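The values are calculated or read from the model by the stated rules, or taken from the named source; none is laboratory data. Everything numeric in this text was worked out from a predicted model, so none of it was measured. Positions of Cβ are generated from backbone atoms using ideal geometry, with glycine treated the same way; all protein chains shown enter the neighbour counts. Side chains included, ligands, DNA and RNA excluded: accessible areas come from the protein's heavy atoms. Shrake-Rupley method; radii C 1.70, N 1.55, O 1.52, S 1.80 Å.
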Amino acid sequence: MAKLEPETALDTGDLNVRPMTPTIGAEILDIDLAHPEIEQRIPEIRAALLKHGVIFFRDQELTAHQHIAFGRHFGELEIHPATPKKQADREILHIAHGPESRGRENMWHSDVTWRPEPSLGSILRAVEVPEVGGDTLFVDMNRAYEMLSPEMQKFCSGLTAVHDIARVFGKRLTMTPEELLIKYPLQSHPVIRTHPETGKQVIYVNRAFTSHIEGLSKTESATLIEHLCATASNPEIQCRFRWEAGSMAFWDNRICQHFAASDYFPAVRKMERVTIAGDKPFYEAGD
């Protein structure tokens, strides 16, 4: 994907955009994503996504088909391996927790980094939310990179890390470890990823799927992964979204990590997600 010129890539036109923090996140107001002519607003919405990393919409009444159709404006959609094969509209991943299921997405992570080509982004819709709790936090991993020392930036730019689906989904999928490895082989991605559209450098390891950094000892690898993952904990480069039924979040998986707070147990939280396919991560030195 060609790198875009900032003056055109980040032109949000006449969208009503309300930034949530100086660093990351914005609400898009006064828009109906189910409108028959929403396609005309896609370039502006994409520009807002690139500019803010994650964008939010309130009071959206979308059917499953409309949710899927909106996602397809941004690229091909993925089907997650946790989606039941007999499910209608398999592009939608249902994420539901309640009295019998405590939330497990409460760690900083980027989605599906175990794929050869991890996702461009995800569009999550709230179906049912607890009266309080269940917020999702997002962090700008480009700003996290910029806060590393120049020497650490230089050291990490030449490294690759291994990502493994089994770290999270090994017990959830009905496959043996051998079958899982054959269908979803281990993937190596750069520790520092270059965003393919903006050219920004991004820390691209996470606690969910990254198993180790290649070429380092076990201790060195674990220490460096912990150091890099800990950069996400800085509230000055985060935003936090409080859900309501009908709210939607669209995040750029190439620059954000997110954390779904599981503080609402045993209340019910039901979400639906479509995920847009991405491309192979790469590192390209800046000017």
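Evaluate the Kirkwood expression for the hydrodynamic radius of the stretch 185-269, namely the inverse of the mean inverse distance over all pairs of different C-alpha atoms, and round to one decimal in Å.
Values: mean 1/r = 0.0647 Å⁻¹.
Value: 15.4 Å, from the Cα pair sum.
Once the convex hull of all Cα atoms in the stretch 77-157 is built, its volume per residue stands at 151 Å³. Could you tell me what fraction of 2.2 N^0.38 Å the Cα radius of gyration of the chain comes to, as a two-decimal ratio? Its radius of gyration relative to the 2.2 N^0.38 Å reference: 0.98.
Based on every Cα atom in the stretch 118-163, Rg and the maximum pairwise Cα distance Dmax equal 16.8, 46 Å.
With a threshold of 31 Å on the Cα-Cα distance, the over-threshold entries among 86/200; 154/280; 86/218; 51/270 are 86/200; 86/218.
Checking the a/c ratio against 1.5 first, then a/b against b/c, what shape does the Cα gyration tensor give for the stretch 129-285?
Oblate.
Proximity of backbone amide H atoms, modeled 1.01 Å from N, is registered between residue 284 and 194 at under 5 Å, excluding neighbours fewer than 5 places apart on the same chain. Looking at the square roots a ≥ b ≥ c of the eigenvalues of the Cα gyration tensor of the stretch 23-62, which shape do they give, rounded for a/c under 1.5, prolate if a/b is larger than b/c, or oblate? It is oblate, given that a/c is not under 1.5 and a/b is not larger than b/c.
For the stretch 250-263, the Karplus equation 6.51 cos²θ - 1.76 cosθ + 1.60, evaluated at θ = phi - 60°, returns couplings of 10, 10, 8, 5, 7, 10, 9, 10, 9, 9, 8, 5, 9, 9 Hz by residue, with Gly and Pro reported as x.
Normalising the Debye intensity of the stretch 1-97 to I(0), with uniform scatterers on Cα atoms only, and taking log10 at q = 0.11, 0.16 Å⁻¹ returns -0.40, -0.81. Phi angles across the stretch 55-70 convert, under the Karplus curve 6.51 cos²θ - 1.76 cosθ + 1.60 with θ = phi - 60°, into 3J(HN,Hα) values of 10, 10, 9, 10, 6, 9, 9, 10, 6, 4, 5, 5, 4, 5, 4, 5 Hz, Gly and Pro given as x. Its relative contact order, with pairs defined as Cα atoms under 8 Å and 6+ residues apart, puts the stretch 185-262 at 22 percent. Kirkwood radius for the stretch 81-216, taken over all pairs of different Cα atoms as the inverse mean of 1/r, rounds to 17.2 Å. Within the stretch 64-120, the proportion of C-alpha pairs whose separation exceeds 12 Å stands at 74%.
Figure note: 279, 111 ranked by solvent-accessible area, largest first, 1.4 Å probe, ligands and nucleic acids not counted: 279, 111.
Go through 143, 242 and list them by solvent-accessible area, largest first, probe radius 1.4 Å.
From most accessible down to least: 242, 143.
Cα convex hull, the stretch 149-195: 99 Å³ per residue, rounded to a whole number.
Amide H contacts of residue 159: 191, 192, each under 5 Å away and 5 or more positions distant or on a separate chain (H built 1.01 Å from N in the peptide plane; Pro and chain starts excluded). Percent of Cα pairs in the stretch 117-193 per distance bin of 5 Å, from zero to the largest separation: 3, 10, 14, 14, 16, 16, 14, 10, 3, 0.
With charges set only on the Cβ (+1 for Lys and Arg, -1 for Asp and Glu), what does the dipole of the chain come to about its Cα centre, in debye to the nearest 20?
Rounded to the nearest 20 debye, it is 940 debye.
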